[in-house]
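As structure tokens, the structure follows; a few thoughts come after it.
The values are calculated or read from the model by the stated rules, or taken from the named source; none is laboratory data. Note that this is a predicted model, so its numbers are computed, not measured. Counting neighbours? That spans all protein chains shown, and the Cβs are built from the backbone with ideal geometry, glycine included.
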Amino acid sequence: MKRTSLNQGTAHDTELAGASPGDYVVVDELGHFAYYPSANAMLEDLEYVEEAASILDRGGNNFHLTMEAGRKLRLGSSFGRVEFTWLRQTWITDRRREPQAHRLLRLYPTTLEALLAGIFETLTLELPSITSSTPWIVNIGGKEVRPATLVDVDSLLAQLDHLERVVVRDPFGHDYRPIRHARHRLHAPGAGAIYYVEIESHAGGAGLGRKQSESLP
């Protein structure tokens, strides 16, 4: 992949997952996941047919790339639904490979539908800038703050020495307990990457079969 700004982590505008039914997730030949808001954005970023091991839409339909005359890439027809066990294990492996790039630790899904929803949601939430009418909600000891993005949540929590009384809700209604992971015991109390470990909530994840959260690195 050319690794456009969309997947490199620079700010951009896109609707939250769910508002763009024509978006896709690509699993490349190395098992990395990348989100694209449209087929055109995906085809502009990919460079050769074998680069995409799997291309998924929200229904779990599995696509491959094909090459047209003039060596122009296009999206081929679906050849069936993606296999649940393979997709879940590949997703887990990718997130453990670079834990600081993937700090939203959702509860493990037990169905393909829940897994697909979680992948699309998580990848869009990890983007630095999104356009959405639904903010995050950060509850700090009973006081609510409504940041716009995960970057804003990080900045807010970085100012706190302790996170025990904090609960974070994402725009999809999933609740998390933030945990600061300091790499060295001599770091200041507010230092270290913040991971968001999903907890069971009353409103979040309706209809999704889920179990234990992903473990911290």
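Odds and ends about this structure:
- Residue selected from region 79-95 under the condition in a loop (DSSP other than H, G, I, E, B) and of a type in the set (A, V, I, L, M, F, W, C), by the criterion surrounded by the most Cβ atoms within 10 Å (Cβ to Cβ): V82
- Filtered residue count, region 106-123, keeping only those that are under 21 Å from L150 (Cα atoms) and either of a type in the set (G, A, S) or within 10 Å of the chain's Cα centre (by Cα) (or both): 8
- Under the condition of being in contact with a helix residue (DSSP H, G or I) (Cβ under 7 Å, 6 or more places away or on another chain) and surrounded by fewer than 21 Cβ atoms within 10 Å (Cβ to Cβ), the residues counted in region 96-105 number 1.
- When residues of region 91-114 are limited to those that are in the same structural domain as V168 (by TED's automatic domain parsing) and among the hydroxyl-bearing types (S, T, Y), the one nearest to D170 (Cα to Cα): Y108
- Selected residue (criterion: modelled with the lowest pLDDT) from residues of region 106-129 that are assigned to a loop (DSSP other than H, G, I, E, B) and crowded, with 21+ Cβ neighbours inside 10 Å: L127
Okay, residues lined up against (1) closer than 12 Å to Y196 by Cα; (2) touching a residue at least 40 places away in the same chain (Cβ under 8 Å):
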residue: G142; (1), (2): no, no
residue: L157; (1), (2): yes, no
residue: E164; (1), (2): no, no
residue: F172; (1), (2): no, yes
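- Any hit, region 58-78, residues being in contact with a His (Cβ under 7 Å, 6 or more places away or on another chain), part of a loop (DSSP other than H, G, I, E, B), over 17 Å from Y195 (Cβ atoms) and not assigned by TED's automatic domain parsing to the domain that holds R180: yes
- Per this entry, E51 is counted among residues that are acidic (D, E), surrounded by 13 or more Cβ atoms within 10 Å (Cβ to Cβ) and not assigned by TED's automatic domain parsing to the domain that holds T111.
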